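The next block holds one structure in the form of structure tokens; read it before the comments.
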Amino acid sequence: MTILIGYLPAPEGEAALRAGFAEAKLRSSAAVVINSQRRGASGTPTEIGEDEIKRIVDLGKESDVDVEVLQPDHEDDLPGTLNDLAEEYEAQLIVIGLRKRSAIGKFILGSQAQRILLEAEVPVLTAKA
């Protein structure tokens, strides 16, 4: 059994890591950190490099948690990607970070976090920065 952690290089991603590693330690589970870049996405970079991956693995070790970092691509279906990975890794829990967004921002841009909460096949824990 594992804890699946959605991670982007932002304060919300760091909050998700802390919460996810704490849950993994509490449940004596491994953690799988998902850093998923949408194909064709422009704007703020969300993909992390080898140094950041090493830092995440080291943070997990400090929490006595085995960590694997995956970087799957997704079109526009991050919730589907997370559900597929949750099934593949027999995840007990998905952990994501939330950022504050206005109602207009959610309406215009949609909300991946909202879709994850509604479509997840396993419980979801949210963390705020």
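Given the pairs Lys25/Lys61; Lys54/Lys100; Lys61/Lys100, which span a C-alpha to C-alpha distance of over 22 angstrom in this model?
Numbers: Lys25/Lys61 10 Å; Lys54/Lys100 28 Å; Lys61/Lys100 30 Å.
Exceeds cut-off: Lys54/Lys100; Lys61/Lys100.
Between Glu87 and Glu62, the C-beta separation translates, for a Förster distance of 25 Å, into a calculated FRET efficiency of about 0.30.
Where a number appears in this text, it was derived from the coordinates with a stated rule and is not lab data. Computed from a predicted model, the values in this text were never measured in an experiment. A quick note on method: Cβ atoms are made from the backbone with ideal geometry, for glycine too, and the neighbour counts reach across all protein chains shown.
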